[in-house]
Amino acid sequence: MAGDQLNAEGVSRRVASFDIRYTQYLDMEGRPVQPLPALADDPEQIVSLYRAMVLHRTFDAKAIALQRTGSLGTYAPCLGQEAVFAAVGAVMREEDVLVPYYRECGAQLLRGVTMTELLLYWGGDERGMNFEGPRGDFPCCVPIASQIPHAAGVAMAMKYRGEPRVTVTVFGDGAMSKGEFYETANAAAVWNLPLVFVANNNQWAISVPRNEQTRCETLAQKAVAAGFAGEQVDGNDLIAVMTRLSAAIDKARDGGGPTLIEAVTYRLSDHTTADDASRYRSEAEVEENRQYDPVIRIRRYLVNNAYWNDDKEQRLEQECREAVEQAVQAYLDTPPRAPESMFDHLYEKLPVAYAGQRDELVHKGEKS
Amino acid sequence: MAGDQLNAEGVSRRVASFDIRYTQYLDMEGRPVQPLPALADDPEQIVSLYRAMVLHRTFDAKAIALQRTGSLGTYAPCLGQEAVFAAVGAVMREEDVLVPYYRECGAQLLRGVTMTELLLYWGGDERGMNFEGPRGDFPCCVPIASQIPHAAGVAMAMKYRGEPRVTVTVFGDGAMSKGEFYETANAAAVWNLPLVFVANNNQWAISVPRNEQTRCETLAQKAVAAGFAGEQVDGNDLIAVMTRLSAAIDKARDGGGPTLIEAVTYRLSDHTTADDASRYRSEAEVEENRQYDPVIRIRRYLVNNAYWNDDKEQRLEQECREAVEQAVQAYLDTPPRAPESMFDHLYEKLPVAYAGQRDELVHKGEKS
Amino acid sequence: MTEMTLVEAVNSALAYELDADDNVIVLGEDIGVNGGVFRATVGLQERFGEQRVLDTPLAETLIAGVAVGMAAQGLRPIVEIQFMGFIYSTIDQILNHASRLRNRSHGRLTCPLVLRAPFGGGIHAPEHHSESTEAIFAHIPGLRVVIPSSPARAYGLLLAAIRDPDPVVFLEPKRIYRLVKQDVVDNGEALPLDTCYILREGADVTLVSWGGSLHETQLAANALAVDGVDAEVIDVVTLKPLDVQTILDSVAKTGRCVVVHEAARTAGFGAEIAAQLAEHGLLNLYAPVRRVTGYDTVMPLYKLEGYYLPSVEQIIAAVREVLEFG
Amino acid sequence: MTEMTLVEAVNSALAYELDADDNVIVLGEDIGVNGGVFRATVGLQERFGEQRVLDTPLAETLIAGVAVGMAAQGLRPIVEIQFMGFIYSTIDQILNHASRLRNRSHGRLTCPLVLRAPFGGGIHAPEHHSESTEAIFAHIPGLRVVIPSSPARAYGLLLAAIRDPDPVVFLEPKRIYRLVKQDVVDNGEALPLDTCYILREGADVTLVSWGGSLHETQLAANALAVDGVDAEVIDVVTLKPLDVQTILDSVAKTGRCVVVHEAARTAGFGAEIAAQLAEHGLLNLYAPVRRVTGYDTVMPLYKLEGYYLPSVEQIIAAVREVLEFG
Ligand SMILES: Cc1ncc(C[n+]2csc(CCOP(=O)(O)OP(=O)(O)O)c2C)c(N)n1
Ligand SMILES: Cc1ncc(C[n+]2csc(CCOP(=O)(O)OP(=O)(O)O)c2C)c(N)n1
Ligand SMILES: [Mg+2]
Ligand SMILES: [Mg+2]
């Protein structure tokens, strides 16, 4: 009997087995560790994603600076995780739907959300969630993991209508301790949804390290509990994330159901601008992880292959700075909302019961 | 590189693998399918558990009858799952804590809850939850899966105090779709708790069959998501459940942390007395499953080994009938609670704010 | 015109709208083949198929969250939560998402979902099956909370709830699911959602209630009528947004008000009505606003539930008190 | 005697009781090495060890449920929920279990847990970080709901909450975590839990509030005093069970009442207070009971939150209204 095993209690039969795999293409020097996939044959796309990652990083740094000077609220930086978000933005189609948590500016930008809209959101203005670009995408989601079931609902709608669209939801390692993740994963398999789960395993949930969050060997194996495939990718390797993510998205689009992709990254920044990570982790740990920097790695790859050089780099930096400055200016120039507008999108039509309160606000607004 | 695999995308490395095993000792005729474990050398214990299973089944039938005649509220029968609950009751120590859902009368009886107390509970009287026997055990839990985190809390207390006690929590296949199950399993591994999860996989959650509840090959593999061991046992095989459950409990007691045991059973009855299973499943399916009946199987084993005979069977039936009748009488003779007593255990001491409401009830009680 | 019970009216409204609008999807636990534990969805899966009427895994947070996602894509999901006792896992989704998706996104994404749940006591159900916690939902901005109390209104209100472009919590008093039959015209006509209904006109006292308690409230009004007390009975129907004007107008006429609900008293929705009277109707009040409610204790198991629920006698006694006041 | 902020007082009370009672366990997200996102638990893990002060996985339902299990075994778990916006996943555990374990088991199992959470707006926090939903908890039988408004009371009330044999929801107004310093004697003395506190005596009007809004309420009272209006200010402190007598007595004296809270108005806890007045204090009321509250809309992101929160001007205007009434 193949698969049977003798143990102290006698024979027990193996009824299921699972493997979790890890994919990486580029080493830290940007050199292939194995034959590169087809998408590496399109250097233009990779260059353009590299540019997006640098823009993202420039934006990120500026957002932190704005917060420090009081022009922006609490902001969640993305340093070190740019490759994951660039891949998400690159691989999804326009008609697909992104259901993000709060750290995916990079993906949002690639999908057409503007920097000004992002700044409005982080600057405490709901208008930032009414972005012009990907109208079906969800805005950021602050209550951890609560966006994950939304993604299943969006995917249900796509499936119900027979549309070849895919939903992608992103979340952190911490989110995988919440019931919503598991409930949704389980249902996504039952309903065979066109849904890709992307875990940004950046090793920390604020101050709680990944190993205090869960004891499983990989986060990818959490998909085993739902009965579908989970896998790890090197989240600092743009080519690896894109490759595995496209495979998952293609599979979902072809009716193959859900996939979980655990992108192994590292949060190089504080959790948010309200956090001071030096309280709970060593600078040495952070330093050690800087060598895996996804932006540097893909630049090295491009440089190694002569797709990129210092000159281009300097021009790019300049362009990014200018683009960010422009967006910031537009943000700062945005006229404030009228206070009473807080009632304008409460219901489609404001019930009489609340009309008086809205009026009160008109008055309150005039006074201040 | 062992474990590496070539696929269309190149090389990916295996980083984790898991096996799920299934254990059975007795076939449907009560004959060993493999050498029996040590506990089979104690026929007295097995006979006594067989007796408990028959008592449980007698009680079960009576409870249904009482409900039909209006003397009991909605009741959740256990037909077909007696071996699981007998094993739980047998293997746990007195000082261990059971955190049940609502179908474990069998386990509760073995732990010292009386039939009269059980009838009080199902008869709509809180006093049934104030049982004399296992004072630390939780009462039934109706909101599915919500008891599972309690079990982790109880196990935390045991661990915190350094006591060699173990917590066992039981739940159904349906409960494994709820976040609480996963959240608790995950935390139980992080905290290395003395906690055993027993899933009574009776194939149905009211009208939803197991395969519409989840697509995973086994329910046991849901433990993979938490990073600890899960396994299946034949839940109709008392010896298998006891063996694997004792191993899990011993391991927990020795500081080895949590285990998930999926006992594969079948709900031979309606979901509850308020349910009519013929609406959603065929009589043929039920009939087919009757052959796995756990009570018949263990009786056959005992008879095969001359530990049991018709004579004993007749006497046992008589004894069970009498014991149940006595308990029912005690239940029916229990004087009603005073209406105002609904305030007596609201807080340790009733706040003045509610004293007036309690007085009102005294008055309401007098009138009716 | 068909004679229907309240639960049959719910079924008919669901069927009507499933038929009329492809975007309507009904989902929940045991609502497919089994037709729901109260039979509210009986026959619907057979008629409309498994894509339209679907059983979910046993996970309320999931169900609510999935409905939010579907609604954001323009579907009109109607969720059944099997009992209100199991609704609490949905609150995070309802409060943090469903009720504010439109507001957050400035109208870009909307959330036209309906969350149905049977609620209340009186049917000798097991533990956790008999509570009334509508006040929790009535406190959540951006929601509508609707509670029918008769077959015809259940039909029209549920249609309105489904068609409403915003999320509606629709609570069905299961105690009266089959208590009365009433002629209902299954013509797809919805009722307005922002108005209270005056069930009985009267000049002496205003009785305000909703859901199951309206049954006892109306019995009390009838009994009082025999004794020459002319009670006006208002069915609140839509707790949120509240049509307070109808109540204020009534009390302006009667000068007296008794609010009846089976939920626990403290911070129950009766408090909001009394507060509105204390704020906007004070000069019209000849007597204290009395609340006849469930007690501030845990809903007891069924042996005592009859003592917990507001009784006809309690309502009559409260009316006598406010009539004799001052 | 040490000068402390409110959050430091919380920390001191936790430290005192961790030291005094081995059964006390503090658990939550980021409360260990990090000392809590507001530093309420700073230094505690270092001092009492990882067994006593422990970080949990990121799962609020779990945390609340684990606390119920610990409490049933005689421990005294003190849970920190990082922000009230993430408390909703605990409601099922609080409402269906913590608040009724004693009642269900007739006293066999009890649930002496404390659920702490910072709440309210005014600190320019991100989305979902600024809501006030205390009314939801105040509706749940079997709970206590306590809200401190100053360092000294935070200290004494938290000690009382920890020692209370029943579950307590302890909500900390984060807007005033560091607003004032006050001398606090760290002597382990608890304050009573069933009483409102009169912060300022006055004869003209009763201002009732709790938590952060007391700050504006007291500023309003001071401003009114300058104009010769003598306001009595009551800090409700324990919303459940409510010490309504203190409020009734005050209004019997002043004849006028304004309730101030930052939660949304409809079915907010202000309604309960107004309802109590309409029921038990009607004859003493010279003017309508006014509620100055947050609006019945979603708490806006921070650019507009200042408009959402009750302001000193609004409180003064409401007082003027009730003074000029009739
Ligand atoms: C339900 C909930 N609980 C707590 C928080 C507070 N909080 C914000 S971010 C965070 C950690 C999230 O970690 P992870 O999921 O790993 O994402 P990361 O921020 O690391 O990208 C916590 C606990 C929250 N936002 N939502
Ligand atoms: C949270 C919750 N949702 C729904 C219900 C209604 N309900 C009662 S039992 C049940 C099915 C449970 O199935 P399973 O977990 O497999 O246990 P079984 O009854 O089959 O032993 C459902 C849906 C409930 N009690 N609790
Ligand atoms: Mg993380
Ligand atoms: Mg089952």
**Asked** If we scan the stretch B:229-238, do we find a residue that is within 8 Å of chain A (Cβ to nearest Cβ) and more than 16 Å from ligand 3 (Cβ to nearest atom)?
**Response** yes
**Message:** If I filter the stretch B:88-96 for residues that are hydrophobic (A, V, I, L, M, F, W, C), in a loop (DSSP other than H, G, I, E, B) and surrounded by fewer than 24 Cβ atoms within 10 Å (Cβ to Cβ), do I get at least one hit?
**Reply:** no
**Fill in**
Over the stretch A:245-274, the set of residues part of a strand (DSSP E or B) and within 15 Å of the chain's Cα centre (by Cα) is A:LEU260, A:ILE261, A:GLU262, A:ALA263, A:VAL264
**Prompt:** Is it the case that the stretch C:306-318 has a residue that's among the aliphatic types (A, V, I, L, M), assigned to a helix (DSSP H, G or I) and over 23 Å from C:ASN222 (Cβ atoms)?
**Reply:** no
**Asked** How many residues are closer than 18 Å to D:GLU29 by Cα, of a type in the set (Gly, Ala, Ser) and more than 7 Å from every other protein chain (Cβ to nearest Cβ) if we restrict to the stretch D:67-110?
**Response** 0
**Request:** Name the residue, out of B:ASN186, B:ASN130, B:ASN192, that is within 16 Å of ligand 3 (Cβ to nearest atom) and over 27 Å from C:PHE38 (Cα atoms).
**Result:** B:ASN186
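State yes or no: is A:ALA188 among the small types (Gly, Ala, Ser), within 22 Å of A:ARG21 (Cα to Cα), part of a strand (DSSP E or B) and modelled with pLDDT of 95 or more?
Against the criterion (among the small types (Gly, Ala, Ser), within 22 Å of A:ARG21 (Cα to Cα), part of a strand (DSSP E or B) and modelled with pLDDT of 95 or more), A:ALA188 does not qualify.
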**Residue pairs meeting the criteria (Cβ under 6 Å; at least 6 apart or on separate chains; first polar (S, T, N, Q), in the stretch C:25-39; second in a loop (DSSP other than H, G, I, E, B) and within 16 Å of ligand 4 (Cβ to nearest atom))** = C:ASN34/B:SER207; C:ASN34/B:TYR280
**Prompt:** Any idea which of D:ALA125, D:ALA117, D:ALA135 is touching a Gly at 6+ places or on another chain (Cβ under 6 Å) and in contact (Cβ under 8 Å) with a residue 24 or more places away in the chain?
**Reply:** D:ALA135
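Go over the candidates D:LEU54, D:LEU44 one by one and state the one that is surrounded by fewer than 22 Cβ atoms within 10 Å (Cβ to Cβ) and either farther than 24 Å from D:HIS129 by Cα or without any contact (Cβ under 8 Å) to a residue 12 or more places away in the chain (or both).
Among D:LEU54, D:LEU44, only D:LEU44 is surrounded by fewer than 22 Cβ atoms within 10 Å (Cβ to Cβ) and either farther than 24 Å from D:HIS129 by Cα or without any contact (Cβ under 8 Å) to a residue 12 or more places away in the chain (or both).
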**Message:** Please determine whether any residue of the stretch A:217-227 is of a type outside the set (A, V, I, L, M, F, W, C), without any contact (Cβ under 8 Å) to a residue 60 or more places away in the chain and more than 9 Å from chain B (Cβ to nearest Cβ).
**Reply:** no
**Prompt:** Which pairs do you get when a residue that is within 12 Å of B:GLU29 (Cβ to Cβ) and assigned by TED's automatic domain parsing to the domain that holds B:ASP60, found in the stretch B:286-306, comes within reach of a residue that is of a type in the set (Ser, Thr, Tyr) and surrounded by 17 or more Cβ atoms within 10 Å (Cβ to Cβ), reach meaning Cβ atoms under 6 angstrom, with the pair 6+ apart or on two chains?
**Reply:** B:ILE298/B:TYR50
**Request:** Would you point out the residue of the stretch A:102-120, among those that are closer than 18 Å to C:ARG108 by Cα and out of contact with any helix residue (DSSP H, G or I) (no Cβ under 7 Å at 6 or more places or on another chain), that is farthest from ligand 2 (Cβ to nearest atom)?
**Result:** A:GLY112
**Boolean, A:LEU350 is surrounded by 15 or more Cβ atoms within 10 Å (Cβ to Cβ) and either part of a loop (DSSP other than H, G, I, E, B) or more than 14 Å from every other protein chain (Cβ to nearest Cβ) (or both)** = yes
**Message:** Can you find a residue that is within 7 Å of chain D (Cβ to nearest Cβ), farther than 19 Å from B:ILE261 by Cβ, more than 16 Å from ligand 1 (Cβ to nearest atom) and touching a residue at least 12 places away in the same chain (Cβ under 8 Å) anywhere in the stretch B:158-168?
**Reply:** no
**Message:** Can you pull out every residue in the stretch A:174-203 that is among the aliphatic types (A, V, I, L, M) and either more than 16 Å from ligand 2 (Cβ to nearest atom) or touching a residue at least 24 places away in the same chain (Cβ under 8 Å) (or both)?
**Reply:** A:ALA175, A:MET176, A:ALA185, A:ALA187, A:ALA188, A:ALA189, A:LEU193, A:LEU195, A:VAL196, A:VAL198, A:ALA199
**Message:** I'm trying to understand the selection: among the residues of the stretch D:37-63, which are within 12 Å of chain A (Cβ to nearest Cβ), in a loop (DSSP other than H, G, I, E, B) and under 29 Å from B:GLN147 (Cβ atoms)?
**Reply:** D:THR41, D:GLU50, D:THR56, D:PRO57, D:LEU58, D:ALA59
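Considering only the stretch A:214-262, state which residues are among the polar types (S, T, N, Q) and under 30 Å from A:ARG31 (Cα atoms).
Within the stretch A:214-262, A:THR218, A:GLN221, A:GLN232, A:ASN236, A:THR243, A:SER246, A:THR259 meet the criteria.
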**Prompt:** How many residues are basic (Lys, Arg) and in a helix (DSSP H, G or I) if we restrict to the stretch C:280-305?
**Reply:** 1
**Criterion: out of contact with any His (no Cβ under 7 Å at 6 or more places or on another chain) and surrounded by fewer than 24 Cβ atoms within 10 Å (Cβ to Cβ) - qualifying residue of C:ILE123, C:ILE91** = C:ILE123
**Request:** State yes or no: is B:LEU332 surrounded by 15 or more Cβ atoms within 10 Å (Cβ to Cβ), within 14 Å of another protein chain (Cβ to nearest Cβ), under 24 Å from B:ASN130 (Cβ atoms) and not charged (D, E, K, R)?
**Result:** no
**Request:** With the condition kept exactly as written, say whether any residue in the stretch C:140-159 is assigned to a helix (DSSP H, G or I) and within 16 Å of ligand 1 (Cβ to nearest atom).
**Result:** no
**Request:** For residues that are out of contact with any helix residue (DSSP H, G or I) (no Cβ under 7 Å at 6 or more places or on another chain) and in a strand (DSSP E or B), tally how many sit in the stretch A:154-173.
**Result:** 1
**Message:** Checking C:LEU248 against (1) within 11 Å of another protein chain (Cβ to nearest Cβ); (2) at negative phi, only one condition comes out false. Which one?
**Reply:** (1)
**Message:** It is to be established whether one or more residues within the stretch C:100-113 are aliphatic (A, V, I, L, M), touching a strand residue (DSSP E or B) at 6+ places or on another chain (Cβ under 7 Å) and at pLDDT 95 or above.
**Reply:** yes
**Asked** What are the residues in the stretch A:184-226 that are among the hydroxyl-bearing types (Ser, Thr, Tyr), within 21 Å of B:PHE228 (Cα to Cα) and within 13 Å of ligand 1 (Cβ to nearest atom), if any?
**Response** A:THR214
**Request:** Select from the stretch A:184-223 the residues that are closer than 13 Å to A:GLU262 by Cα and β-branched (Val, Ile, Thr) and write down the one among them that is farthest from the chain's Cα centre (by Cα).
**Result:** A:THR218
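The values are calculated or read from the model by the stated rules, or taken from the named source; none is laboratory data. Since the structure is predicted, the reported quantities are computational estimates derived from the model, not experimental observations. No Cβ is skipped: glycine too gets one built from the backbone with ideal geometry, and neighbour counts run over all protein chains shown.
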